[in-house]
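A.B. asks: If you scroll down you'll find the structure; I have some questions about it.
The values are calculated or read from the model by the stated rules, or taken from the named source; none is laboratory data. Please read these numbers as outputs of a predicted model, since none were measured by experiment. When we count neighbours, we look across all protein chains shown, and the Cβ atoms used for this are built from the backbone with ideal geometry, even at glycine. Accessible surface is based on the protein model in full, side chains and every heavy atom, while ligands, DNA and RNA are left aside. Shrake-Rupley method; radii C 1.70, N 1.55, O 1.52, S 1.80 Å.
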Amino acid sequence: MIELRNIRKTYGSGASAFTALHEVDFEISENEFFTLLGPSGCGKTTLLRVIAGFETPTAGAVLLGGEEISLLPPNKRPVNTVFQNYALFPHMTVAGNVAFGLESLGKPKDEVRARVEEMLELVQMLHLRDRPIAALSGGQQQRVALARALAPNPRILLLDEPLSALDLKLRKEMQVELKRLQHETGITFIFVTHDQEEAMAMSDRIAVMKGGRVHQIASPKALYDRPADDFVASFVGESNFFPARIMSNSDQGAVLSIPGLGEVTLKGETHDTGDVTALVRPEHIRTGDSATSGLILEGRLENAMFLGIATLATVRMAHGQEISLRIRNTHDAPPPTEVGSTITMSIPPKAIRLVRAVSA
Amino acid sequence: MQGIHEITLHSDAEQAQERQDRRTRWLLSSPALAIIAVFSIAPMAIILVYSFLEPGKYGNVVWSFSLDAWISVFAERDIFDGTLGLADAHLSIFWRSIKLSLLTTFTTMMIGVPMAYYVATRAAGIRNLLLFLITVPFWTNLLIRVLAIQEVIRKDGLINTVLLNLGLVQEPLQMLFTDFAIGFGMTYVFLPLMVLPVYAAVERIDFRLVEAAYDLYASRWTVIRRVIFPIIRPGVIAGSALVFIPSLGEFVIARVLGGGKNLMLGNLIALQFGQGRNWPLGAALSVTMLVLIISVLLIVLRFTKGRING
Amino acid sequence: MADRSFDKRRIPGAGLIAALAFAVLYIPLVILVTYSFNAGSRIGKWEGFSLHWYGVAFRNEDIQSATLLSVKVAVIAALVATVCATLVALATTRGQGFKAGRFVQLAVNQPLMVPEIVTAMALLILFAVIKDATGYSGTGYLIAAHSAFCIPFAFMPVRARLQDMDTNLEAAAADLYANAWVTFRRVTLPLLWPAVLAGFMLAFVISLDDVLISEFIKTAGQETLPTYLLGQLRRGITADVYAVSTILLAVSTAIVTLIFVINRKKKPGL
């Protein structure tokens, strides 16, 4: 439904020019919960502002339902925003804020009133409709901001890190709430965040961005299981990276050699021979009695952090490399805790992913 | 190809937008700029031009170029032999103006800095009340304040009455119409100009720094000298400039409390446009005052900038 | 509140100096106000409470006309200055890309950098030229001069408020389909209003207080309240001047109080 075609955004000119977005090109479909994920300064907010109309792209086009809207001002776009600090009008009541968009569109009074009521009902704020904004808590302001942005029934709702000001418990509640709202309204949500857990929990698809470029667009599961490169892998979840080499391809699969760890056959896979980066998630490494197949390794426990559900351990190999492990804590198999003890581990071949190396 | 086409399309639109935006901003600025240009900036230009003309007989000017006004700012032509000597009368007025202004700056600093510090370190309620009490006289008509001072320091005013009743003096002291009266008046009137910027600076002090200094075995005096004062120094410098500059240009206080004999630069200038009837000289003196003040301003700016960056 | 615990903020002597300074600031004003209610005419000799001098001042036609002129000039000049200052503040504080903004702000503050006596003399010359050319000798000169030096005072609170204001509020209005005018009318102006009012009141007080510039540019027969008082001061004062001064003092105190209250309330929530 919304298409971004080769969007580039450059600020300034000449030597001081700064390009915030490099040829961003993808589309988002109807009724999708789409997340822009990346560290601060990755261009995710700029991209959101381009879609909202607060920034004009230097090059490229924004198409909504096939129509170019790149040059339309924000007040002519059927797109509404929930701002990071909510930007609620402090001189109006809750209802006044929610009515603002409808009034600007010149809707008749009865319709405005009914719609405001409906929206406040939706976010469970109807009982506070006549309160001034200053009298609301952070979570309540968040709900009003949502109701205000949803009231004009936009085709797309943009959310700029809307949960970042809330405490952890409220944030979890609002995540569920946002999913519910998106489901009930059927509006496309474009959500900006730097919190990968939040992105994973809520999104249908995630675009991982860095330095003004989109590194990968995929569903949360695909992003985690099949990251396109080492940046995506390290930003989404925890990772062990090993410099490695594809030695050959046989009918069994590709033969991968990891210096210091050994050789393993990646069954059913074919890769070009040469240097690669191998990724293994800490929770996919087995320890103790179950460490029986694949690459079997030994190392010295450097430290162990008890996290409740799991223990996060760092093991140093004989050749010096450190490996992170996440060991599930179960009642019958206590995790290793004695620093300096020898740990036996195994990496199943299926747990190894080859990723592009883009980070230094 | 299509990409290139779009680039030009967007940057054109953006540029047109920016041009429109700039036009609007200039349009919104124009009424204020017009008023200030005509009634504040242009007169400065006129005064500069007038300082190079000849005086007319009954005030005003004769339109012919002359450096006489500028020469007579600093020099005097002997009426008998026509030789040039230093203009003692002018120089002594310059000197009195600078001396009184420096003295006023110093006194307001000695009073205003502790006062600002005290006010800024009170609890919020008292602090706002005290701040309000400092602000009220500041916004009170200058003449009322001058009048009030005059009533206190007159021969039969409050101070003399108290002193006589206590038997500390036999004769009432002559305070009105002296340099003391001018200095006292200026200190009274300009004190808030010192207190307010210093107050703002003290308010910004992070008192955890003071705690840290005490924690590191500093004495109270060391804390004042090495932690508190360096932080409020920019405020003190700003306050000094705010006091010194209007002191140098003061007219009303010197006129009323100085009694017309103890002239300051402002009175000398006014005299040239009144009884003196030498507009070019008045203009030249005005330009001189302006240059003096701008130099002080520039020095202070340079000084505070270095302080803040360093 | 005995000084039992160690007060890290304390500087010995600061409280004493502050107390003395407050006393010196207020004693003369208190005396002035007190003697405006004196029944007798001699200052320094209390002869009982009376509103006599207020009556005298009230019936004095010179004071009446001077007050009228002062208020007229102050209202018009403050209005002109506030409108101009608000427009220029809107032009120079919102958004980027206005490179001349700094220069414009500097120009707006120019009247603050020139000593009053110089401005007074310069305007004297300018108005003499205009008077020669046009023959006009009305209150326009006072209003024009006051408008100019009031602009920076009206500008200060408005600019400060605009700089504090969250630009996202205007973005949010645009996002919610409001055009530029609706955004200004429904969001910017209501939030700016207290500062505009404070600016107006500051400009009003500044205009009302001006002695020096008015004294030199007024034409024959024109007296503002301060120039009238200056004239009286030169002649030797009668107690009705105390009464007028007390009223002026009350007016400016009331206005300063109002500005304080407005500033206190200016942060609703966000």
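A.B. asks: Please name all residue pairs, on different chains or six or more residues apart, with Cβ atoms under 9 Å, provided the first residue is in the stretch A:127-141 and is within 10 Å of A:MET92 (Cα to Cα) and without any contact (Cβ under 8 Å) to a residue 60 or more places away in the chain and the second residue is open to solvent by 20 Å² or more (accessible area, probe 1.4 Å) and of a type in the set (Val, Ile, Thr).
C.D. replies: So the pair list comes out as A:ASP130/A:THR93; A:ARG131/A:THR93; A:PRO132/A:THR93; A:ILE133/A:THR93.
A.B. asks: Among the listed residues C:ALA239, C:ALA171, which satisfies the condition of being aliphatic (A, V, I, L, M) and in contact with a strand residue (DSSP E or B) (Cβ under 7 Å, 6 or more places away or on another chain)? It would help to see each step written out before you state the result.
C.D. replies: Numbers: C:ALA171 fails: in contact with a strand residue (DSSP E or B) (Cβ under 7 Å, 6 or more places away or on another chain).
Result of the check over C:ALA239, C:ALA171: C:ALA239.
A.B. asks: Next up: Looking only at the stretch B:29-56, how many residues end up being assigned to a helix (DSSP H, G or I), of a type outside the set (A, V, I, L, M, F, W, C) and open to solvent by less than 50 Å² (accessible area, probe 1.4 Å)?
C.D. replies: 5
A.B. asks: Let me ask something else about it. For the stretch A:313-323, name all the residues that are open to solvent by 40 Å² or more (accessible area, probe 1.4 Å) and touching a Pro at 6+ places or on another chain (Cβ under 8 Å).
C.D. replies: A:HIS319 - this is the single residue of the stretch A:313-323 that is open to solvent by 40 Å² or more (accessible area, probe 1.4 Å) and touching a Pro at 6+ places or on another chain (Cβ under 8 Å).
A.B. asks: Let me confirm something: among A:ALA201, A:ALA134, A:ALA228, which residue is open to solvent by 20 Å² or more (accessible area, probe 1.4 Å), small (Gly, Ala, Ser) and touching a Pro at 6+ places or on another chain (Cβ under 7 Å)?
C.D. replies: Matching residue, one of A:ALA201, A:ALA134, A:ALA228: A:ALA134.
A.B. asks: Answer yes or no: is there a residue in the stretch C:3-19 that is at the interface with another protein chain (Cβ under 8 Å from one of its Cβ atoms), open to solvent by 30 Å² or more (accessible area, probe 1.4 Å) and at pLDDT 90 or above.
C.D. replies: Yes, that holds for at least one residue.
A.B. asks: Among the residues of the stretch B:264-310, write down those that are surrounded by fewer than 14 Cβ atoms within 10 Å (Cβ to Cβ), at pLDDT below 85 and of a type outside the set (A, V, I, L, M).
C.D. replies: Within the stretch B:264-310, B:GLY274, B:GLN275, B:ARG302, B:LYS305, B:GLY306, B:ARG307, B:ASN309, B:GLY310 qualify.
A.B. asks: Here's something else I'd like to know. For the stretch C:93-112, which residues satisfy the criterion of being open to solvent by 10 Å² or more (accessible area, probe 1.4 Å) and facing chain B (nearest Cβ under 7 Å)?
C.D. replies: C:GLY97, C:PHE98, C:ALA107, C:GLN110, C:PRO111
A.B. asks: Condition first: in a helix (DSSP H, G or I), within 27 Å of the chain's Cα centre (by Cα) and away from chain C (no Cβ under 13 Å). Now tell me which residues in the stretch A:110-141 satisfy that.
C.D. replies: Answer for the stretch A:110-141, where residues must be in a helix (DSSP H, G or I), within 27 Å of the chain's Cα centre (by Cα) and away from chain C (no Cβ under 13 Å): A:LEU122, A:GLY139.
A.B. asks: Can you give me the number of residues within the stretch B:198-222 that are closer than 26 Å to B:THR108 by Cβ and crowded, with 19+ Cβ neighbours inside 10 Å?
C.D. replies: So the answer is 5.
A.B. asks: Just one of (1) under 14 Å from B:ARG255 (Cα atoms); (2) at pLDDT below 90; (3) at the interface with another protein chain (Cβ under 7 Å from one of its Cβ atoms) trips up B:TRP139, so point out which.
C.D. replies: (1)
A.B. asks: If a residue has to be in contact (Cβ under 8 Å) with a residue 40 or more places away in the chain and either of a type in the set (A, V, I, L, M, F, W, C) or surrounded by 23 or more Cβ atoms within 10 Å (Cβ to Cβ) (or both) to count, how many in the stretch B:126-136 make the cut?
C.D. replies: 2
Each row is one residue, and each column tells you yes or no for (1) modelled with pLDDT of 90 or more; (2) within 14 Å of chain A (Cβ to nearest Cβ).
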residue	(1), (2)
C:MET165	no, yes
C:ASP175	yes, yes
C:ALA178	yes, yes
C:THR183	yes, yes
C:VAL187	yes, yes
C:PHE200	yes, no
C:ASP240	no, no
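A.B. asks: Now for a separate question. Taking the stated definitions as given, is A:PRO74 closer than 28 Å to A:ALA165 by Cα, surrounded by fewer than 18 Cβ atoms within 10 Å (Cβ to Cβ) and of a type outside the set (Lys, Arg)?
C.D. replies: Spelling it out, it is not the case that A:PRO74 is closer than 28 Å to A:ALA165 by Cα, surrounded by fewer than 18 Cβ atoms within 10 Å (Cβ to Cβ) and of a type outside the set (Lys, Arg).
A.B. asks: Among the numbered conditions (1) closer than 24 Å to C:ALA203 by Cβ; (2) touching a residue at least 40 places away in the same chain (Cβ under 8 Å); (3) buried (at least 18 other Cβ atoms within 10 Å of the Cβ); (4) within 14 Å of chain B (Cβ to nearest Cβ), tell me where C:SER36 comes up short.
C.D. replies: Only one criterion in (1) closer than 24 Å to C:ALA203 by Cβ; (2) touching a residue at least 40 places away in the same chain (Cβ under 8 Å); (3) buried (at least 18 other Cβ atoms within 10 Å of the Cβ); (4) within 14 Å of chain B (Cβ to nearest Cβ) is unmet by C:SER36, namely (1).
A.B. asks: Scanning the stretch B:96-125 for residues that are surrounded by 11 or more Cβ atoms within 10 Å (Cβ to Cβ) and without any contact (Cβ under 8 Å) to a residue 24 or more places away in the chain, which turns out farthest from C:THR253 (Cα to Cα)? Can you show your working first?
C.D. replies: Filtering the stretch B:96-125 for residues surrounded by 11 or more Cβ atoms within 10 Å (Cβ to Cβ) gives B:96-122.
From the residues that got through so far, the ones that are without any contact (Cβ under 8 Å) to a residue 24 or more places away in the chain too are B:99, B:106, B:110, B:114, B:118, B:122.
Details: B:LYS99: 33, B:PHE106: 28, B:MET110: 27, B:PRO114: 25, B:TYR118: 23, B:ARG122: 23 Å.
Taking the candidates together, the pick is B:LYS99.
A.B. asks: With the requirement that a residue be touching a strand residue (DSSP E or B) at 6+ places or on another chain (Cβ under 6 Å) and open to solvent by 40 Å² or more (accessible area, probe 1.4 Å), what does the stretch A:46-68 give you?
C.D. replies: If the condition is that a residue be touching a strand residue (DSSP E or B) at 6+ places or on another chain (Cβ under 6 Å) and open to solvent by 40 Å² or more (accessible area, probe 1.4 Å), then A:GLU68 is the only one that fits.
A.B. asks: Among the residues of the stretch B:137-157, write down those that are open to solvent by 10 Å² or more (accessible area, probe 1.4 Å), farther than 15 Å from B:LEU257 by Cβ and of a type outside the set (Asp, Glu).
C.D. replies: Answer for the stretch B:137-157, where residues must be open to solvent by 10 Å² or more (accessible area, probe 1.4 Å), farther than 15 Å from B:LEU257 by Cβ and of a type outside the set (Asp, Glu): B:PHE138, B:TRP139.
A.B. asks: Of the numbered conditions (1) out of contact with any Lys or Arg (no Cβ under 9 Å at 6 or more places or on another chain); (2) within 14 Å of chain B (Cβ to nearest Cβ); (3) surrounded by 14 or more Cβ atoms within 10 Å (Cβ to Cβ), C:LEU29 fails exactly one; give the number of that condition.
C.D. replies: It is condition (1) that C:LEU29 fails.
A.B. asks: Is there a residue being more than 9 Å from chain C (Cβ to nearest Cβ), among the charged types (D, E, K, R) and either surrounded by fewer than 16 Cβ atoms within 10 Å (Cβ to Cβ) or over 18 Å from B:THR104 (Cβ atoms) (or both) anywhere in the stretch B:171-181?
C.D. replies: So far as the stretch B:171-181 goes, yes, one or more of its residues are more than 9 Å from chain C (Cβ to nearest Cβ), among the charged types (D, E, K, R) and either surrounded by fewer than 16 Cβ atoms within 10 Å (Cβ to Cβ) or over 18 Å from B:THR104 (Cβ atoms) (or both).
A.B. asks: Would you check if there is a residue in the stretch A:253-262 being of a type outside the set (A, V, I, L, M, F, W, C), surrounded by fewer than 19 Cβ atoms within 10 Å (Cβ to Cβ), closer than 30 Å to A:GLU322 by Cα and within 15 Å of the chain's Cα centre (by Cα)?
C.D. replies: The answer is no, given that none of the residues of the stretch A:253-262 is of a type outside the set (A, V, I, L, M, F, W, C), surrounded by fewer than 19 Cβ atoms within 10 Å (Cβ to Cβ), closer than 30 Å to A:GLU322 by Cα and within 15 Å of the chain's Cα centre (by Cα).
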